[in-house]
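Presented below is the structure to which this report refers.
The values are calculated or read from the model by the stated rules, or taken from the named source; none is laboratory data. Fair warning: this is a prediction, and the values are worked out from it, not measured in the lab. For neighbour counting, all protein chains shown are included, and Cβ atoms are generated from backbone atoms with ideal geometry for every residue, glycine included. The accessibility values were calculated without ligands, DNA or RNA, using every heavy atom of the protein model including side chains. Shrake-Rupley method; radii C 1.70, N 1.55, O 1.52, S 1.80 Å.
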Amino acid sequence: MSQTQQTSDNSRRSFMKVAGAAALVGSTTPAVYAGENNTIQLALVGAGGRGTGAAANALASKVGPTRLVAMADVFEDRLANSHKALTARFRGAVDVPEDRQFIGFEAYREAMDVLSPGDVVILTTPAAFRWVQFKYAIEKGLNVFMEKPISVDGPSSRRMLALGAESVKKNLKVGVGLMCRHCKARQELFRRIQDGQIGDIVELRAYRMAGPTGSAATGKAPKDSSDLLYQIRRFHAFLWLSGGAVSDFLIHNIDECSWMKNAFPVQAEASGGRHYRGDDVDQNFDTYSIEYTYADGTKLLVNGRTIPGCNQRFASFAHGSKGSAVISSRGHAPSRARIYKGWNMSKENITWSFPGREPNPYQVEWDDLLTAIRQDQPYNEVQRGAEASLVTAMGRMAAHTGQIITRDQMLNCKHEFAPNVDRLTLDGPSPLKANPDGTYQVPMPGLIKDREYGSLS
Ligand SMILES: NC(=O)c1ccc[n+]([C@@H]2O[C@H](COP(=O)([O-])OP(=O)(O)OC[C@H]3O[C@@H](n4cnc5c(N)ncnc54)[C@H](O)[C@@H]3O)[C@@H](O)[C@H]2O)c1
């Protein structure tokens, strides 16, 4: 057993002892955790932009000491950059020597093997790998922070729902990176909407109308590069990896609207298209327009666009029988959540807005997770995250096939984008083959109706 494992076992044992004692005497006073013995150890799997950010949030949390002890990625350069940035900012709390830096498709196992039950693994690869890595985290008894989306298609959604239930049974604490749910302003807005301050919700609207975003627009793989590794670097371009622009970009707005409605939609009808493609060969449409329907008939209208030169808007709104609300007004944070009397959203009609500065929800979601771990409170966001991922995919499939898609059709859809995602190798083929000319299969609404891409025959 490595020294890190030994330390981690000891920390966890003494931590569990304190937590157990507090529970036994029914104490409502949070136990005080401080010092070396109570350090929660972290492993980072997927050391890219968000992974580095999530690890920084974990290390910056004031809830109690944390230490990063292992890192995993498929690319050495990504891991090295992340390691450098985190070490520069959190020198004393980053303890990841070369022998705990792991590269490749099995690296996630090696990084988690460094941890002990009760520690936290951060899963921030593209969504395709989520169920594979979450399954191993459950086997190891680890608490988890995982980024959204957590599934990309029917089969991976079914798997995540089942794994989520298993993780609840094992009392694992699992955070899902829909951080807007932890936003203090939106939480207050939710309470006020449930309280009837805008009356009954009659319609919701959401927009993420931007220019080119992430790697959604992507050209052909360079001739000498591996198709698989190229696709992973440009993961927003490919449905098997990320669920594409809809799943990766629109999920937050769909989720925050559904939160205010206190339900997830049951059906979607949608359209979209590819406009100025140039040399791009990714599988995304440039525009998506989705009409979601909730069980009571209420609609959520969602618009996504990644075309430069057009009006830009990144916001969500709720309309009620008595008034209306801004759920978010320009990106994720600050939300600038507010309530208006009537539907005319003018300054003089504002009846409530969040006072003061909104705390950073990316930090709050970590403080909440770590508090739950330290105080052994029930805390598991997987079912909610899986529902959000599923209904987002439902809207995407409706646009890509040109059909009305229900939640149950999406959940039971047999098309698994990457059935072998748990068996990939660095020099092996990708689940998505390029055509001989370097292009890829793309959605063909009205022509291919039971799956989002494939051959026409
Ligand atoms: N909540 C948010 O606001 C937010 C913001 C950004 C990204 N995200 C999510 O975070 C995830 C990562 O996005 P990103 O922008 O950081 O992408 P990124 O490309 O910067 O990082 C992903 C990292 O994972 C690595 N990776 C890929 N496959 C791997 C595997 N099988 N094993 C180990 N490492 C692997 C990549 O090499 C890369 O370093 C996505 O799911 C994205 O939707 C969420």
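Numbers at a glance
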{"item": "In region 143-170, residue nearest to the ligand (Cβ to nearest atom) [restricted to those that are free of Cβ contacts under 8 Å to residues at least 60 places away in the same chain and farther than 27 Å from THR406 by Cβ]", "result": "VAL144"}
{"item": "Evaluation of ASP280 against (1) at positive phi; (2) at pLDDT 95 or above (one fails), failing number", "result": "(1)"}
{"item": "So ILE290, is it open to solvent by less than 40 Å² (accessible area, probe 1.4 Å) and closer than 14 Å to GLU387 by Cα", "result": "no"}
{"item": "Verdict on PRO117 being touching a residue at least 24 places away in the same chain (Cβ under 8 Å), in contact with a helix residue (DSSP H, G or I) (Cβ under 9 Å, 6 or more places away or on another chain), open to solvent by less than 10 Å² (accessible area, probe 1.4 Å) and part of a loop (DSSP other than H, G, I, E, B)", "result": "no"}
{"item": "Test for PHE105: is it open to solvent by less than 10 Å² (accessible area, probe 1.4 Å) and within 16 Å of the ligand (Cβ to nearest atom)", "result": "no"}
{"item": "Residue in region 353-363 that is of a type in the set (Phe, Trp, Tyr) and over 27 Å from the mean Cα position of the chain (by Cα) present", "result": "no"}
{"item": "Any chance GLY395 is surrounded by fewer than 18 Cβ atoms within 10 Å (Cβ to Cβ) and either within 29 Å of VAL302 (Cα to Cα) or more than 21 Å from the chain's Cα centre (by Cα) (or both)", "result": "no"}
{"item": "Residue within region 58-80 that is surrounded by 21 or more Cβ atoms within 10 Å (Cβ to Cβ), away from the ligand (no atom under 11 Å from the Cβ), in a helix (DSSP H, G or I) and within 20 Å of the chain's Cα centre (by Cα) present", "result": "yes"}
{"item": "Any hit, region 85-98, residues being surrounded by 19 or more Cβ atoms within 10 Å (Cβ to Cβ), of a type outside the set (Gly, Ala, Ser) and more than 14 Å from the ligand (Cβ to nearest atom)", "result": "yes"}
